[in-house]
Structure formats: structure tokens, C-alpha cells
Amino acid sequence: MMTSDFAQRLFFIFLIFLLVLFFIRLTEFRNIFQNYPAEALWDASIFIFRTPSKIAPKMNSFALFRESDIILVSAFFPVNISKTHSHAGYKKYAHNLLPRIIAPMIVYTSEWGKKFIDFHGNNYIHWNTSIEKVLDIEWVAQVDAVLKEQEKVDPEICRHSYEKYLVWHSKFYLLHEVSNMYPNSYVFWLDIGSIRWTPLYPESYRFPDRQKVLKAVPKNDMIFFALNRANRKFPYIPEYIYPINAVIGGVYGGSNFAIRNFFSYVTYIRESLKDQFFGKEQNLQTTYAFNFPKTKLVLMLASPGVHYSCEWFGYMSYFGTHDSCKAENFTLKDSREYLYYTAESDFEKSKEEMRKIADHC
């Protein structure tokens, strides 16, 4: 029989073991909690569900993100030398957009970027400053050397740069990360510079209009916005001849199932296109869209009397609360239908425009 003295020692050892386990778990919880404000610690779900990523957002309200069926993702990683827009320009664009957001939105940036944009007052906006620079994202860093070489084959190098390639590729990764954090929501990338010409948007304008989004987005396929610049010949034109601008990079997304498929395919095709130009996000998006014929493309049709910016930023009207670009000018098509819908004349005109740009560069 076990003596009482031995039993006491065994019980004491067991207590020490439990105490060690407690401190180990406490350390793990502390590492999780450091990403969240104090008030969030009252949310019991954090004790059950571990954070899915080292760049998980420091949520102002867990419930706000967890209960929303639409979540937006954006970022501000300024390049040192921009050939198209200044840092001050992007600050202005951000202040045009962020007050109008009415869905949970995560904005990735550095501490410097957050201070520079200096925006407060919308509880839907969460700033995540866990990424100091784009190359901190391992998925982007994996192709760093290849992207540096892309400048040599970029037909639009006069307005692009290696640093821009890094930012464009980071968008794919961040969209995928946030979608995995909230797999039951539709997640969309939204460029922070999406509102550049404010007269199109009255004070009452808000983004997104939930009903418009849920009506348009497919359950198992990605949705992109397209330009009226292609026909059935489009997929066979080499990138070095015709810079691909068929798909707009400003907004895109879908369900978790769709985004996981998209991210896997993008990872694959960027590995297989190393000898061609893939630095621009639109190349990879377009390649995906036309290889998956059920991918949805919202096409902005040419229409007199509509502001020229609607061609590139019409998604703010299509998914927003104010129809500044006129809904009748849009059509939702599968990517296969898109190839047959657009006009030959539009295609030839666009091809000539792109060739002029390439010649100028």
C-alpha cells in the first residue's frame, strides 16, 4: 500500500507539474494578447481559437469582424520613388475613402505609415502595423530576386518599378491571410487610393452597399472588375507585345473557398512564368480569370456622359451606395462570356494605346 508520506510527495510533484503547464500556457496567451487591446481580452473565444497568423489584426472589436459577412482589406506601403502618385496624394486618397467605409476593414501598414495617413474617427477601420516593410512577408520575399529582374522585361517600366511589384504581390497574400482568419465571410481587397475624384461621391456616399455585394458575388468563384479591352483573341497575345490591363486591381475577392483557389493558382503561375513578365498584379489576375471560365467579371461599358474615371474606379459605384457611374453601364459576365462580349474595335484601339505606352517607355 502507498504510504501517506509517498502520496503527499506524489501530489506535490503533480502540483508542480500543473504549475509549470500553467506558466507555459500563460506565456502563450501573453504572446497572443499582445496583438489585442485590453478590452478584447474579455472575449472568451480567444481562449478557444488560437490566432491563425503572426500578422493577425489587433481588433478594436472582435465581434465587429467575426459577425460581418463582408470584410475589406487594404494597405499603405509607400514606395521610395513613385512614378505616378506621391505620398501626399495617397494620404489625400485615403482621407477620401476611409470616412465612407461601412464594413470592417483592415489596413496593413508600418507605424510610420499609420502616423503619416493620420486618420481617426471610423470604428470600422482597423490599422495593423505588424508589417514594417513588404519584404517582411515571406511569400513576397521568396520571389524578391526574380522581381528585381522583372524591370528588364516590363513593357511599362516608365511608370512601374521593382518596389511596386513587391506591393502588388503583397496584396494577394494579405487577402488570403484575412480570408483564412474569417472563412465564413466574403473578403475583398480594396485599394486605399480608390476615391481620387471626389465630385463623383456625395457626402452621403458609403462603401460597400451590402445588398449589392451579396447579390453580385458568387459563392465559389472570384469576382473581378474588367476593362472593355479584349476579345476572343486576347488570351493568345504575348505579354511582351501587349501589356495586359483587362482586369482591374483595385477591388477583387470572394469566399474563402474562392480565395484559397486563387492564391494557390497565383503561387503556381508566378513560379511557371519566371521567364516572362508577371510583376504587375493584373497579369496574374487576368491569367487566373481566363483559365477559370466561371470567374465573374464586372464589365464597365463605354458610355457617353460618364466620367472617365468610371472605367478604372467604377467598382466604387457598382458596390457603393451612390450610382455615380450608372448601373446600366455595367454587366456581370463569366470570363468566357467576356471574351465574346467585348468589341473588336475596342480591342484594337486599346492594343494601339498600350503599344504607344510601351514605345514611350
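A compact table of results
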{"quantity": "Qualifying residues in segment 179-198 (those that are farther than 15 Å from Leu97 by Cβ and touching a Phe, Trp or Tyr at 6+ places or on another chain (Cβ under 9 Å)) - the one surrounded by the fewest Cβ atoms within 10 Å (Cβ to Cβ)", "calculated": "Pro183"}
{"quantity": "Filter pass, Tyr201 being at pLDDT below 95 and surrounded by fewer than 14 Cβ atoms within 10 Å (Cβ to Cβ)", "calculated": "no"}
{"quantity": "Qualifying residue in segment 169-176 (condition: modelled with pLDDT of 95 or more, within 16 Å of Tyr90 (Cβ to Cβ) and either surrounded by fewer than 21 Cβ atoms within 10 Å (Cβ to Cβ) or assigned by TED's automatic domain parsing to the domain that holds Ala75 (or both))", "calculated": "yes"}
{"quantity": "Selection count where residues are touching a helix residue (DSSP H, G or I) at 6+ places or on another chain (Cβ under 7 Å), over 13 Å from Val140 (Cα atoms) and of a type outside the set (D, E, K, R), scope segment 259-274", "calculated": "4"}
{"quantity": "So Asn220, is it modelled with pLDDT under 90, touching a strand residue (DSSP E or B) at 6+ places or on another chain (Cβ under 9 Å) and part of a loop (DSSP other than H, G, I, E, B)", "calculated": "yes"}
{"quantity": "Unique match (being outside any loop (DSSP other than H, G, I, E, B), touching a His at 6+ places or on another chain (Cβ under 9 Å) and in the same structural domain as Asp209 (by TED's automatic domain parsing)) among Leu135, Leu72, Leu97, Leu147", "calculated": "Leu147"}
{"quantity": "Of all residues making up segment 105-121, the number that are in contact with a strand residue (DSSP E or B) (Cβ under 6 Å, 6 or more places away or on another chain) and not in a helix (DSSP H, G or I)", "calculated": "5"}
{"quantity": "Count of segment 300-323 residues which are surrounded by fewer than 22 Cβ atoms within 10 Å (Cβ to Cβ) and over 14 Å from Tyr252 (Cβ atoms)", "calculated": "13"}
{"quantity": "Where a residue in segment 70-81 is polar (S, T, N, Q) and its partner, wherever it lies, is modelled with pLDDT under 95, with Cβ under 7 Å and at least six apart", "calculated": "Asn80/Glu163"}
{"quantity": "Inter-residue pairs, beta-carbon under 6 Å, first more than 15 Å from Tyr318 (Cα to Cα) and in segment 194-207, second at pLDDT below 90 and not charged (D, E, K, R), 6+ apart", "calculated": "Trp197/Ser309"}
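A quick yes/no check of all residues on (1) touching a residue at least 24 places away in the same chain (Cβ under 8 Å); (2) closer than 30 Å to Ala216 by Cα:
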residue	(1), (2)
Glu67	no, yes
Tyr93	yes, yes
Tyr108	yes, yes
Tyr124	yes, yes
Val146	yes, no
Pro155	yes, no
Tyr162	yes, no
Trp168	yes, yes
Leu175	yes, yes
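The values are calculated or read from the model by the stated rules, or taken from the named source; none is laboratory data. A quick note: this is a predicted structure, and the numbers were derived from the prediction, not measured. Using ideal geometry, Cβ is built from the backbone for each residue, glycine included, and neighbour counts are taken over all protein chains shown.
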